[in-house]
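To start, the structure under review is shown below, and the notes come after it.
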């Protein structure tokens, strides 16, 4: 295994501190201390807290987009299979990185342009493919509703986890099984709803 470079140590440390404290409350000195290096080296590699934050956010968004982008933009994967694969991949990713949804949501409000720029490319590739498949399948659901409904069902339990656990709705030791079980139910719910709509038209 190759040794971790100073740059990689800084990125990992920044990821940890930004996730814990958010952008505004994080000081570059804290990141340097966490990385076991000094402020001069941090500035040498990244120049500023904003540039370092962009790097961390870019990596986190890549994780999220990689669970959806390649599948969504692949015209050879039928729309129903897309929904299944995205549900499975996103759920697994979030089980392994539970801090991702809240981190993204917390920082979105102060870094809208950064997020928009990073997401634009995935949208440009995926949206035309999905829209065409929706038309051809006869599903009576818009692209926007399909994306919001699918991702909302996947993301909400992770975002609302403290409420879900404190209310006793799900016990903490059952949470992983609860969301893992939903990853197979969500596609069935989405597909069933669209088919019901088609039948009633």
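Values in this text are rule-based calculations from the coordinates and carry no lab data. Keep in mind that what you see is a predicted model, and the values were worked out from it rather than measured. Note that we place each Cβ from the backbone using ideal geometry, even for glycine, and neighbour counts take in every protein chain shown.
Between residue 124 and residue 173, the FRET efficiency estimated from the beta carbon spacing at R0 = 41 angstrom works out to 0.45. Sequence-distant contacts, meaning Cα pairs under 8 Å at least 6 residues apart, place the relative contact order of the range 57-139 at 48 percent. Relative to the longest principal axis of the Cα atoms of the chain, helix 79-96 runs at roughly 30 degrees.
Of the residues 101, 78, 162, the one that moves most in a GNM of the chain with alpha-carbon contacts below 10 Å is 162. Were the residues from residue 166 through residue 21 laid out at 0.36 nm apart, the gain over their Cα-Cα distance would be 49.9 nm. Give the angle, between 0 and 90 degrees and rounded to the nearest 10, that separates the Cα long axis of helix 6-25 from the longest principal axis of the Cα atoms of the chain. Between the helix axis and the principal axis of the chain, the angle is about 70 degrees.
For Rg and Dmax of the Cα atoms in Å, the candidate list reads [x] 16.2, 53; [y] 16.5, 49; [z] 19.7, 66; the entry that matches the value derived from this model is [z]. Extending 7 Å from Cα along the Cβ direction at residue 98 and again at residue 44 yields two label points whose distance is 3.9 nm. In percent, how large is the relative contact order of the chain, given Cα pairs closer than 8 Å and 6 or more residues apart? Relative contact order, the chain: 22 percent. The angle between the Cα long axis of helix 112-137 and the main principal axis of the chain comes to about 20°, on a 0 to 90 degree scale. Under a Gaussian network description of the chain, with springs only between Cα atoms under 10 Å, the residue in 40, 13, 75 that fluctuates furthest is 40.
Using the Cβ-Cβ distance between residue 135 and residue 159 with R0 = 45 Å, the FRET efficiency computed as 1/(1 + (r/R0)^6) comes to roughly 0.90.
Shown is the FRET efficiency for residue 185 and residue 106, computed with R0 = 22 Å from the Cβ-Cβ distance and rounded to the nearest 0.05: 0.20.
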